[in-house]
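Reviewing the structure listed below.
Throughout, read-outs are computed from the coordinates displayed, never taken from laboratory work. Please read all numbers here as calculations on a predicted model, not as lab measurements. Cβ coordinates were reconstructed from backbone atoms using ideal geometry, including for glycine residues, and neighbour counts include every protein chain displayed.
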Amino acid sequence: MFKQRKTKNSKNHSELIKTLLHSLPKEEIIYEPEELSVYECDGLTAFKVLPLAVVIPQKIEEILVILSACKRFGVPIVVRGGGTGLSGGATPVEGGIVLSLSKFNQILEIDPVNRIARVEPGVTNMQVSQSAASYGLYFAPDPSSQIACTIGGNIAENAGGIHCLKYGLTVNNVLAIKMMTVEGEIVSIGNVGGESPGCDLLSLIVGSEGMLGIVIEATLRLVPKPECAKLVVGCFDDVTKASKTVSQIIASGIVPAGLEIMDKLVIEAVQSYIQVGFPTSAAAVLLCELDGMLEEVEEEYRLVEQMMIQMGAKEIIISKNEEERLLLWKARKSAFPAAGRISPDYYCMDGTIPRKSLAFVLKRIAELAAQYNLRVGNVFHAGDGNIHPLILYDNSIAGEMERVESLGEKILELCVEVGGSITGEHGVGLEKLGPMCFQFSLEEIQQFHRLKRALDPNALLNPGKAIPTLHRCAEFGKMHVHQGQIAFAGIERF
Ligand SMILES: Cc1cc2nc3c(=O)[nH]c(=O)nc-3n(C[C@H](O)[C@H](O)[C@H](O)COP(=O)(O)OP(=O)(O)OC[C@H]3O[C@@H](n4cnc5c(N)ncnc54)[C@H](O)[C@@H]3O)c2cc1C
């Protein structure tokens, strides 16, 4: 847990507040400690830091004023969208300000002919699809937090969701952005036509966790709503059978719109929250959504149903209409809050593994959970191998949080061991600075630092997030191999 220390830079801090109060409307600045606590963390509540101030501008020119004042007084800036991040990306930096973009919440244009939406960064993910619905279009990336998370946050985290297996992550659905650099320049990156010559800066910025620039506008790809969508749910008495069915479906050439697994613990939690008829006796349910033209969906859902039966499904539920399909997805999307109802605390992990390793990894997670004497539920994007183990715990029990962290680290190590990654969609933030050291070599981490310095030489934008210091990596045992490189100039400031 982070603790607020007495500021070392108090003079500069009070000068910054004075400058902001002088240049911006008073109601846009929050600096009373009791009001700041709302912003002390994001969805990862284990990390809490009170910011120096929160600034909520309404105009682009005001962001410029804020950047210039922060630069003058050497004060770090953490951009905040909806604050739903799960890796501590929007957690304030000690002695820094939070720049909330919640007032930049306008849909600027829906162009049904070119199937694009131009939006401000504080627009929520759900708002985009709602605004495009009358044209029969929607924004495909659909994180379960879509009611509250913003497009700025989705871009910064390269957010995913249930339908990313077929339609791609945020990076595949953003065509262009306008970004303000730390120097206050506004640059256009990407192209609405989809093709942009030169280095692919758009892919660099998507997923950069607010460390390289501030996204102030985005042009998004919209996709047509499919003519038909059907959800097939296979209920299995063994999670391995459900996992193997995932590979079977993909190997058959079918590309489902969504392919998700929930295990017994999560089924029970969800059923006690929203009763949708998932059998609580099942060890796992596999949700497979097929969408497209009516005939295509009819053919594919029958094939999937057959495969599920062949692989040992004890029961099959098929959505009879749109209302039922949406209700079943609502249940799946409620898995995190449902876990919150059966345990005082839960820690949602995020890692990626090759699909073929699903059965092995789930078995290892169960063994590790038993070893650590902690309950772990699994609900995840099985089609793209993006696992979300939910570790249930009670923070009021002394030492339990440490055990949870240690188990979490073991799970991420396992993901890397089988050829996967320490994150699939939630980003690195503060949470995974340690695991970054076992996924990347020191040389690779140095390259990240060089990139960061090229765009933000004074380390003002979200410093200390996403890229571990070399000392941190040394703690993970890499220093002895690369002793000479630890002196790399300037790196430790980031
Ligand atoms: C219940 C629940 C379910 C979730 N389900 C999913 C899921 O299915 N898939 C998924 O991918 N994630 C999921 N998440 C995680 C989270 O919602 C996403 O990471 C989301 O993209 C964060 O958006 P936000 O607006 O809340 O960003 P914040 O949390 O405010 O910020 C996240 C990061 O983005 C940066 N940032 C925000 N706006 C900008 C900007 N305009 N310019 C530059 N940087 C910016 C911040 O500095 C920070 O580093 C879930 C979270 C919760 C609580």
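Nearest 10 degrees, 0 to 90: what angle lies between the long axis of helix 442-455 and the longest principal axis of the chain (Cα atoms)?
Tilt relative to the chain: about 60 degrees.
If R₀ is 41 angstrom, what is the calculated FRET efficiency for the pair Thr45 and Gln106, using the beta carbon separation as r and rounding to 0.05?
0.85
Just to confirm the number: angle between the C-alpha axis of helix 60-73 and the first principal axis of the chain, 0 to 90 degrees, nearest 10?
Compared with the principal axis, the helix lies near 60 degrees.
Using 23 Å as the Cα-Cα cut-off, could you pick out the over-long pairs in Lys356/Lys410; Lys59/Lys225; Lys48/Lys264? Provide the component values of the computation, followed by the final result.
Working: Lys356/Lys410 20 Å; Lys59/Lys225 34 Å; Lys48/Lys264 32 Å.
Too far apart for the 23 Å limit: Lys59/Lys225; Lys48/Lys264.
Once Lys and Arg get +1 and Asp and Glu get -1 on their Cβ, which of Tyr138, Leu52, Thr280 lies farthest toward the positive end of the dipole of the chain?
Leu52
Would you calculate, for the chain, the mean residue ellipticity at 222 nm contributed by helices, counting each DSSP H stretch of 4 or more residues as -39,500 (n - 2.57) and dividing by all residues, to the nearest 500? Spell out each step's value before the answer.
Numbers: 17 runs with 176 residues, N = 494.
Computed mean residue ellipticity for the chain: -10500 deg cm²/dmol.
Which one, Met307, Met293, Ala335, is farthest towards the positive end of the dipole of the stretch 228-336 when Lys and Arg carry +1 and Asp and Glu -1 on their Cβ?
Comparing the listed Cα positions along the dipole, Ala335 ranks first.
Looking at the chain, which Cys residues are left with no other cysteine's beta carbon under 4.7 Å from theirs?
Cys41, Cys70, Cys149, Cys164, Cys199, Cys228, Cys235, Cys288, Cys348, Cys415
Within the set Lys178/Lys452; Lys230/Lys330; Lys333/Lys363, which residue pairs have Cα atoms separated by over 22 Å? Display every interim value, and only then the final one.
Values: Lys178/Lys452 19 Å; Lys230/Lys330 14 Å; Lys333/Lys363 24 Å.
As for pairs spanning more than 22 Å Cα to Cα, those are Lys333/Lys363.
Using a simple charge model, +1 on the beta-carbon of Lys and Arg, -1 on the beta-carbon of Asp and Glu, nothing else, what dipole does the chain show about its Cα centre, in debye to the nearest 20? Before the final figure, lay out the partial values.
Values: 46 positive and 58 negative charges, 208 e Å.
About 1000 debye.
If each residue of separation counts as 0.36 nm, what is the full-extension length gain between Glu417 and Glu296 once their alpha-carbon separation is subtracted? If you can, show how the numbers build up before the last one.
Working: separation 121, 0.36 × 121 = 43.56 nm, distance 3.83 nm.
Gain in length upon complete extension: 39.7 nm.
Please give the length that would be gained between Ser272 and Lys356 if that part of the chain were fully extended, namely 0.36 nm times their separation in residues minus their C-alpha to C-alpha distance (nm, one decimal). Mind dumping the intermediate values first?
Working: separation 84, 0.36 × 84 = 30.24 nm, distance 3.16 nm.
Gain on stretching Ser272 to Lys356: 27.1 nm.
For the pair Ala366 and His471, how long in nm is the line joining their label points, each one 7 Å along Cα→Cβ?
That separation, rounded to one decimal, is 4.3 nm.
Report the rotationally averaged projected area of the stretch 3-112 based on its alpha-carbon convex hull, in square nanometres. Each step should come with its number before you reach the end.
Details: hull surface 31.5 nm².
Mean shadow area of the hull around the Cα atoms is 7.9 nm².
Students often check this: by mean Cβ neighbours within 10 Å, which of 185-191, 154-160 ranks highest, and how do the rest follow? Can you show the working numbers first?
Numbers: 185-191: 15.1, 154-160: 28.4.
Those peptides, ordered most packed to least, come out 154-160, 185-191.
Compute the relative contact order of the chain as a whole-number percentage, counting only Cα pairs closer than 8 Å that sit 6 or more residues apart in sequence.
13 percent.
Just the Kirkwood number for the stretch 241-345, please: inverse of mean 1/r across all distinct Cα pairs, in Å, one decimal. Walk me through the numbers on the way to the answer.
Numbers: mean 1/r = 0.0691 Å⁻¹.
Taking the inverse mean of 1/r over all distinct Cα pairs, the stretch 241-345 comes out at 14.5 Å.
Please list the equivalent ellipsoid semi-axes of the chain, computed as the square roots of five times the alpha-carbon gyration tensor eigenvalues, in descending order and whole angstrom. Don't jump to the answer; show the numbers that get you there.
Numbers: eigenvalues 290, 151, 88 Å².
Semi-axis lengths for the chain are 38, 28, 21 Å.
Give the dimensionless ratio obtained when the Cα radius of gyration of the stretch 95-223 is divided by 2.2 N^0.38 Å. Let's see the in-between values first.
Values: Rg = 13.8 Å, N = 129, 2.2 N^0.38 = 13.9 Å.
My calculation over the Cα atoms of the stretch 95-223 gives 0.99.
Glu35 to Thr280: extension gain in nm, 0.36 nm per residue of separation minus the Cα-Cα distance? Present the calculation step by step, with values, prior to reporting the outcome.
Working: separation 245, 0.36 × 245 = 88.20 nm, distance 4.33 nm.
Gain on stretching Glu35 to Thr280: 83.9 nm.
Against the longest principal axis of the chain, how steep is helix 400-417, in degrees 0 to 90 to the nearest 10, with axes from Cα atoms?
Tilt of helix 400-417: around 70 degrees.
I'd like the FRET efficiency for Lys59 and His22, computed as 1/(1 + (r/R0)^6) with the beta carbon distance as r and R0 of 22 Å, rounded to 0.05.
Values: r = 16 Å, r/R0 = 0.74.
Efficiency for this residue pair is about 0.85.
Please give, to one decimal in nm, the separation of the simple spin-label points placed at Asp238 and Ile318, each 7 Å out from Cα toward the Cβ.
2.6 nm
I want to check the label-to-label distance for Lys330 and Gln310. Put each point 7 Å from Cα in the C-beta direction and report it in nm to one decimal.
In this crude spin-label approximation the distance works out to 3.6 nm.
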